């Protein structure tokens with residue numbers, strides 16, 4: 001077995017572009033999935049059944065099916081059945097956003113439910129509207145409690161972005177696997193891919209631990 | 001929308017074979033990752049120092065690398081490195097188990113560490129050996145606390161098994177792909193695959209929710 005690691009260095013810019021795509025997908029998905037999660041959580045906690053039921057069905061559906069299948073479904077079914085033509089990137093982003101929104105909504109729901117009832121009662125007694133009570137009193141406290149969980153979700157999302165490679169979005173996983181079949185340096189390319197993911201993910205996992213420790217003692 | 005259910009119904013035996021593979025891969029991965037994870041978790045808590053450092057490195061690394069990458073590496077790169085070939089199913093079960101075992105190890109550690117120190121002292125004061133202490137005092141309580149998190153890990157494992165389709169494990173997704181290629185009906189076929197996973201995962205998720213409600217708080221001090 002002869003190894004030729006120069007092939008990795010040769011394709012460093014392609015791999016860097018793939019890594020940039022992975023980061024871009026992670027950031028964009030989270031930016032969209034936080035408001036999405038808050039919206040879904042608010043719907044699930046609403047007294048109106050008309051809002052509660054669709055939100056519950058949405059969340060259960062996305063939590064109980066694999067993300068890779070959601071990506072396939074969006075990629076093949078949206079154009080053929082609904083005439084929605086999105087780029088691979090937009091399709092991947094859509095599937096990731098809907099999936100992470102469902103998980104975030106559970107996080108926010110738990111966070112909002114953990115704020116004692118007395119707090120919103122007090123806000124209402126002071127003459128706030130129920131929306132004001134939610135926005136000014138409940139939400140800021142809930143956000144602090146959900147931050148560690150969101151950090152964990154962030155790391156999971158960073159890893160899950162690799163699944164959009166199955167629909168040829170040129171993220172790090174797809175780029176490395178393409179280079180593997182083009183250069184035939186299988187071991188070198190796949191090991192480089194794993195190491196780059198490791199180098200990006202390891203600090204994120206450590207920062208998550210740190211956030212968990214810092215927030216643990218609060219309130 | 002749904003034109004006819006024929007693409008699914010005509011290929012039902014073929015799709016069913018895929019469902020069986022999915023169930024087998026999931027069950028084997030759950031079993032292997034529990035064994036591996038327990039060993040790694042207990043090793044990290046009670047093992048000698050020379051063992052603890054590599055275990056911490058392994059656990060944190062698996063938190064940083066996507067399971068897809070581990071599966072692909074195990075199937076394509078591992079055989080080159082060690083000169084042995086694996087069937088896709090063996091590679092998938094191995095890779096998923098090694099990946100999920102890291103989170104099981106963390107659950108085990110959190111469970112063991114949640115048992116108050118006073119309990120260990122009391123056990124030792126009664127003349128128990130460390131092994132006895134672990135077996136009779138710590139683990140029975142800790143395992144109860146770990147159960148809900150194990151449930152969540154099992155759900156993750158079943159979902160991860162879907163990713164095995166990228167290395168051509170003939171699971172329900174792989175077989176659905178073949179049927180779509182023949183029938184050009186992605187909507188019916190992929191939706192069927194969705195329903196299959198939902199039918200497997202929804203009951204499991206409900207049981208896990210109940211576990212959290214019923215015994216999640218148990219033994220909390």
Check whether at least one residue in the range B:133-145 is under 24 Å from residue A:58 (Cβ atoms) and surrounded by 14 or more Cβ atoms within 10 Å (Cβ to Cβ), and report yes or no. no
May I ask you to say which residue of B:25, B:67 is within 13 Å of another protein chain (Cβ to nearest Cβ) and closer than 21 Å to residue A:206 by Cα? B:67
Since residue A:146 meets every condition but one in (1) in contact (Cβ under 8 Å) with a residue 40 or more places away in the chain; (2) more than 10 Å from chain B (Cβ to nearest Cβ); (3) closer than 20 Å to residue A:29 by Cβ, which condition does it not meet? (1)
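From the set of residues in the range A:1-59 that are more than 30 Å from residue A:194 (Cα to Cα) and not in a helix (DSSP H, G or I), which is nearest to the other protein chains (Cβ to nearest Cβ)? I'd like the intermediate steps shown before the answer.
So in the range A:1-59, the residues more than 30 Å from residue A:194 (Cα to Cα) come out as A:35-59.
Filter once more, keeping what is not in a helix (DSSP H, G or I): A:45-48.
On the way: A:45: 17, A:46: 21, A:47: 22, A:48: 23 Å.
Within the range A:1-59, the match that is nearest to the other protein chains (Cβ to nearest Cβ) is A:45.
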Among the numbered criteria (1) assigned to a helix (DSSP H, G or I); (2) at pLDDT below 85; (3) surrounded by 16 or more Cβ atoms within 10 Å (Cβ to Cβ), which single criterion is violated by residue A:143? (3)
When every residue in the range B:45-59 that is under 17 Å from residue B:108 (Cβ atoms) and at pLDDT below 90 is compared, the one nearest to the other protein chains (Cβ to nearest Cβ) is B:45
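Tell me the residue from B:187, B:197, B:202 that is surrounded by fewer than 18 Cβ atoms within 10 Å (Cβ to Cβ), part of a helix (DSSP H, G or I) and at the interface with chain A (Cβ under 8 Å from one of its Cβ atoms), please. Walk me through it before giving the result.
Working: B:187 fails: surrounded by fewer than 18 Cβ atoms within 10 Å (Cβ to Cβ); B:197 fails: surrounded by fewer than 18 Cβ atoms within 10 Å (Cβ to Cβ).
Only one candidate qualifies: B:202.
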When restricted to B:169, B:179, the only residue more than 20 Å from residue A:78 (Cα to Cα), away from chain A (no Cβ under 11 Å), surrounded by 22 or more Cβ atoms within 10 Å (Cβ to Cβ) and in contact (Cβ under 8 Å) with a residue 24 or more places away in the chain is B:169
Of the conditions (1) exposed (fewer than 15 other Cβ atoms within 10 Å of the Cβ); (2) over 30 Å from residue A:172 (Cα atoms), the single one that residue B:81 does not satisfy is (2)
Residue hits (the range A:60-87; surrounded by fewer than 22 Cβ atoms within 10 Å (Cβ to Cβ), touching a helix residue (DSSP H, G or I) at 6+ places or on another chain (Cβ under 6 Å) and part of a loop (DSSP other than H, G, I, E, B)) are A:84, A:85
What single numbered condition from (1) more than 10 Å from chain B (Cβ to nearest Cβ); (2) modelled with pLDDT of 85 or more; (3) surrounded by 16 or more Cβ atoms within 10 Å (Cβ to Cβ); (4) not in a helix (DSSP H, G or I) fails to hold for residue A:127? (3)
So, restricting to helices (runs of 4 or more DSSP H) that lie completely within the range B:42-158, which ones have at least 3 residues that are over 18 Å from the mean Cα position of the chain (by Cα) and more than 17 Å from residue A:198 (Cα to Cα)? B:49-64, B:78-82, B:117-125
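To keep it simple, each residue is scored yes or no on (1) surrounded by 13 or more Cβ atoms within 10 Å (Cβ to Cβ); (2) more than 9 Å from chain B (Cβ to nearest Cβ); (3) under 13 Å from residue A:158 (Cβ atoms).
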{"position": "A:176", "(1), (2), (3)": "yes, no, no"}
{"position": "A:187", "(1), (2), (3)": "yes, no, no"}
{"position": "A:190", "(1), (2), (3)": "yes, no, no"}
{"position": "A:205", "(1), (2), (3)": "yes, no, yes"}
{"position": "A:210", "(1), (2), (3)": "no, yes, no"}
{"position": "A:213", "(1), (2), (3)": "no, yes, no"}
Which members of the range A:170-188 meet the condition of being closer than 20 Å to residue A:201 by Cα and not in a helix (DSSP H, G or I)? A:170, A:171
Go through the range A:44-59 and give me each residue that's in contact with a helix residue (DSSP H, G or I) (Cβ under 7 Å, 6 or more places away or on another chain) and without any contact (Cβ under 8 Å) to a residue 40 or more places away in the chain. A:46, A:51, A:52, A:56
Are any residues in the range A:68-91 at the interface with chain B (Cβ under 7 Å from one of its Cβ atoms) and within 15 Å of the chain's Cα centre (by Cα), and if so, which ones? A:68
Apart from one, (1) more than 14 Å from chain A (Cβ to nearest Cβ); (2) under 23 Å from residue B:174 (Cα atoms); (3) over 19 Å from the mean Cα position of the chain (by Cα) all hold for residue B:20; the odd one out is (3)
Only one of (1) more than 20 Å from residue B:78 (Cα to Cα); (2) surrounded by fewer than 20 Cβ atoms within 10 Å (Cβ to Cβ); (3) in contact with a helix residue (DSSP H, G or I) (Cβ under 8 Å, 6 or more places away or on another chain) fails for residue A:198. Which number is that? (1)
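The values are calculated or read from the model by the stated rules, or taken from the named source; none is laboratory data. Computed from a predicted structure; not experimentally measured. Reconstructed Cβ throughout: ideal geometry from the backbone, glycine too, with neighbour counts over all protein chains shown.
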